[in-house]
1. Restricted to segment 176-202, and to residues that are touching a residue at least 60 places away in the same chain (Cβ under 8 Å), more than 16 Å from the ligand (Cβ to nearest atom) and in contact with a helix residue (DSSP H, G or I) (Cβ under 9 Å, 6 or more places away or on another chain), which residue is nearest to Val129 (Cα to Cα)?
2. For Ile77, which of the numbered conditions (1) away from the ligand (no atom under 14 Å from the Cβ); (2) over 24 Å from Glu297 (Cα atoms); (3) not in a loop (DSSP other than H, G, I, E, B) fails to hold?
3. Checking Tyr40 against (1) open to solvent by 30 Å² or more (accessible area, probe 1.4 Å); (2) over 16 Å from Trp224 (Cβ atoms); (3) within 16 Å of the ligand (Cβ to nearest atom): exactly one of these is not met. Which one?
4. Could you count how many residues in segment 253-312 are assigned to a loop (DSSP other than H, G, I, E, B), under 19 Å from the mean Cα position of the chain (by Cα) and touching a residue at least 60 places away in the same chain (Cβ under 8 Å)?
5. Go through (1) within 16 Å of the ligand (Cβ to nearest atom); (2) in a loop (DSSP other than H, G, I, E, B) for Gly61 and report which single condition fails.
6. (1) surrounded by 21 or more Cβ atoms within 10 Å (Cβ to Cβ); (2) assigned to a helix (DSSP H, G or I); (3) hydrophobic (A, V, I, L, M, F, W, C): which one isn't true of Phe366, the others all being true?
7. Given the conditions (1) within 16 Å of the ligand (Cβ to nearest atom); (2) open to solvent by 10 Å² or more (accessible area, probe 1.4 Å), and given that Glu54 satisfies all but one, which numbered condition is not satisfied?
8. Counting only residues that are in a helix (DSSP H, G or I) and more than 14 Å from the ligand (Cβ to nearest atom), how many does segment 203-237 have?
Amino acid sequence: MASQIPDVISLAQGIPSFDTPEVVKKAAIKALNKGLVAKYSLTYGLPELRETIEEKLAEEGMYYDFENEIVVTVGSIEAITASLVTIIDGKKNEIVLFSPSYASYAEAVKVAGGKPVFVNLDEKNGWSVDFGSLEKKITANTAGILFANPNNPTGTVMGKETLLRIAELAEKKKFYIITDEVYKDFLYGEYEGKSLFSLAQVPELRKRVIRVFSLSKAYAMTGWRIGFVHSDEEVIKEIVKVHDALVTCAPVISQYAAMAALDFADKDIERFREEYARRRDITMAHLDELSEFFSYEKPNGAYFVFPKLLPKRDSWQFAHDLLEKAGVAVVPGVAFGPNGESHIRISFGRTEKDIDRAFERIKTYFRKGSV
Ligand SMILES: Cc1ncc(COP(=O)(O)O)c(C=O)c1O
């Protein structure tokens, strides 16, 4: 709908405003000109790329063998879907999702033949996990839990203690954990300067934890479609069968681009992070000026904030009205699960100019009493 309206400012799209780093583009052109990209790669991905991934993971305390424990995928969403198809098995078909969480999760679970089971996050406590609610939703049919850390749309981060409690539960009740860490490089506030703890760092959990990552967000490469999944060999040998059936292999030109990104573009990640940190501050300052209409939990990760509408109201209708009357696109919270109702998602992955202009319009909208 937003694309039909002229001069709309979008704070809806969850994509980086930046272009892919030059060093990555040059590597892709070089591979193309050398005639390296015409043919399929191995199903697991180019060995050189997987070796690079193995080294990067080891730098972060995760030890996975490139030969049989890492698969290069078509973005993280293919890694997630292939993992879900793998772990959903007959009656063991329930996948626990936090609400709110990334809108495509529930769809991927259904495509994989599973049933999404929502567990509400506790907004009053910074969108934290309520273990009482979580435990109630675990049954004999639970195949796994899937979450993003940092989370989309709330921008909140789960710390080590919470993650280890989830792992304890998974061990006890025998279900898989799919941890989606596509926003791990964008941390702010109390997490600024720290590296994200991952359950994939715990050797005892390696048969239970499936970790996915993507170059989409970290390196501003959403269009290149490269991600990867890693876990114990036993799990990966099943995931790779699904990956093979779905896509054969990830696009080879993009695999060369990914190699250059991992080798040479980490300074670009830092450039993006600093810029998002600034935009986060600007966004929060705007929201503070609108405290009569929105309350919010400070995001410590990703590039999203998930303000609550005051007073409570239908998020779809509000987003629709804001689009029509103010020409600003945001995502209605209900898209992120039942607990997202009466919220909107704002992306500060957009440019500073867009953020400022959009908030000027939102302020005018409220001033006019359009509520
Ligand atoms: C939490 C999360 N996971 C996965 C994805 C999918 O990204 P990609 O398939 O480009 O890696 C997104 C995209 O917005 C996301 O927000």
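The values are calculated or read from the model by the stated rules, or taken from the named source; none is laboratory data. In this text, all values refer to a predicted model and were calculated from it rather than measured experimentally. Quick reminder, even Gly has a Cβ in these numbers, built from the backbone with ideal geometry, and neighbours come from all protein chains shown. Just the protein is used for accessible areas: all its heavy atoms, side chains included, with ligands, DNA and RNA removed. Shrake-Rupley method; radii C 1.70, N 1.55, O 1.52, S 1.80 Å.
1. Step by step, filter segment 176-202, then rank; the result is Tyr176.
2. Among (1) away from the ligand (no atom under 14 Å from the Cβ); (2) over 24 Å from Glu297 (Cα atoms); (3) not in a loop (DSSP other than H, G, I, E, B), the lone unmet condition for Ile77 is (1).
3. (3)
4. Total satisfying the criteria: 7.
5. Against the list (1) within 16 Å of the ligand (Cβ to nearest atom); (2) in a loop (DSSP other than H, G, I, E, B), Gly61 comes up short only on (1).
6. Looking at each condition in turn, Phe366 falls short on (1).
7. It fails just one condition, (1).
8. 8
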